[in-house]
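Can you read through this structure? Questions will come right after.
The values are calculated or read from the model by the stated rules, or taken from the named source; none is laboratory data. Please read these numbers as outputs of a predicted model, since none were measured by experiment. In this analysis, Cβ positions are derived from the backbone assuming ideal geometry, glycine residues included, and neighbour counts consider all displayed protein chains. Surface areas here come from the heavy atoms of the whole protein model, side chains and all, with no ligands, DNA or RNA. Shrake-Rupley method; radii C 1.70, N 1.55, O 1.52, S 1.80 Å.
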Amino acid sequence: GAVVSQHPSWVICKSGTSVKIECRSLDFQATTMFWYRQFPKQSLMLMATSNEGSKATYEQGVEKDKFLINHASLTLSTLTVTSAHPEDSSFYICSARRAASTDTQYFGPGTRLTVL
Amino acid sequence: QKEVEQNSGPLSVPEGAIASLNCTYSDRGSQSFFWYRQYSGKSPELIMSIYSNGDKEDGRFTAQLNKASQYVSLLIRDSQPSDSATYLCFGGSGGYNKLIFGAGTRLAVHP
């Protein structure tokens, strides 16, 4: 199979604090990982694409200094929401792709972030 | 603006019927298409992929791709209440990083 995990599955934090979310590919090496955000009753919106060992590519409108992405290994990418505010409350989902020979993305279970 | 469009639904079908979900795309260069299912509060799970014109069958699911008309569809035979979910069309052009999600179609299968 192709299993992707995320940790934590949910987190509640105070406004102004930073939150780190981990995304791991458990049984395959992921050359590319993707971070999505989903607000209620909306589809997934791509935030950024990260390749192992490279800087992430952010989508238009996503602040790279606010959403820090690190893809230090072929099995781990992290998203840090810095100085979180209530409007950052959302469902954050990562996905991972094996080698570049396929487009198939396998999704993690998601992290629900609530900022008070 | 490259787009992937779906009817948001809800699409309501009786148990045992065929559910037909459709998706159109604007980028004529699109090559890869995927159907994902998402239950409320959960992340998407892959149903199937399709890259070539024609039909692709996997169990109760059949994906159809028509590149000339720029649409891709998913048929679910013998629909079950457990199929009630939002179905997301995901596709795009080459370069792998340019895949886009449609807004999703909510399917409700009633007993």
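In the stretch A:15-37, which residues are of a type in the set (D, E, K, R) and exposed (fewer than 14 other Cβ atoms within 10 Å of the Cβ)?
Residue satisfying the conditions is A:D27 alone.
Now for a separate question. Give the residue that is most open to solvent (accessible area, probe 1.4 Å), with candidates limited to residues of the stretch A:41-57 that are within 10 Å of chain B (Cβ to nearest Cβ) and under 13 Å from the mean Cα position of the chain (by Cα).
Taking the candidates together, the pick is A:M45.
Taking the residues in the stretch A:84-98 that are open to solvent by less than 50 Å² (accessible area, probe 1.4 Å) and under 25 Å from A:Q29 (Cα atoms) as candidates, determine which candidate is nearest to the other protein chains (Cβ to nearest Cβ).
A:I93
Is it the case that some residue within the stretch A:73-83 is open to solvent by 70 Å² or more (accessible area, probe 1.4 Å) and over 27 Å from B:I47 (Cα atoms)?
no
When you check A:P109 against the structure, is it modelled with pLDDT of 95 or more, outside any strand (DSSP E or B) and within 11 Å of another protein chain (Cβ to nearest Cβ), yes or no?
Yes.
Restricting to strands (runs of 3 or more DSSP E) lying wholly in the stretch B:6-70: which have 1 or more residues that are away from chain A (no Cβ under 13 Å) and either of a type outside the set (A, V, I, L, M, F, W, C) or buried (at least 18 other Cβ atoms within 10 Å of the Cβ) (or both)?
Qualifying strands (runs of 3 or more DSSP E): B:11-14, B:19-25, B:54-58, B:61-66.
Can you tell me which of (1) of a type outside the set (D, E); (2) buried (at least 17 other Cβ atoms within 10 Å of the Cβ); (3) assigned to a strand (DSSP E or B) is the one B:A103 doesn't meet?
(3)
Quick grid of which residues meet (1) open to solvent by less than 50 Å² (accessible area, probe 1.4 Å); (2) under 25 Å from B:G102 (Cβ atoms); (3) of a type in the set (S, T, Y):
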{"site": "A:V4", "(1), (2), (3)": "yes, yes, no"}
{"site": "A:C13", "(1), (2), (3)": "yes, no, no"}
{"site": "A:F39", "(1), (2), (3)": "no, yes, no"}
{"site": "A:E59", "(1), (2), (3)": "no, yes, no"}
{"site": "A:K64", "(1), (2), (3)": "no, no, no"}
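Inspect all residues belonging to the stretch A:62-83 and state whether any of them is outside any strand (DSSP E or B), free of Cβ contacts under 8 Å to residues at least 60 places away in the same chain, within 14 Å of another protein chain (Cβ to nearest Cβ) and on the phi < 0 side of the Ramachandran plot.
No: the stretch A:62-83 contains no residue that is outside any strand (DSSP E or B), free of Cβ contacts under 8 Å to residues at least 60 places away in the same chain, within 14 Å of another protein chain (Cβ to nearest Cβ) and on the phi < 0 side of the Ramachandran plot.
Also, quick follow-up: Out of the residues in the stretch A:17-34 meeting the condition of being of a type outside the set (V, I, T) and within 12 Å of another protein chain (Cβ to nearest Cβ), tell me which one is nearest to A:A99 (Cα to Cα).
Ranking the candidates gives A:M33 first.
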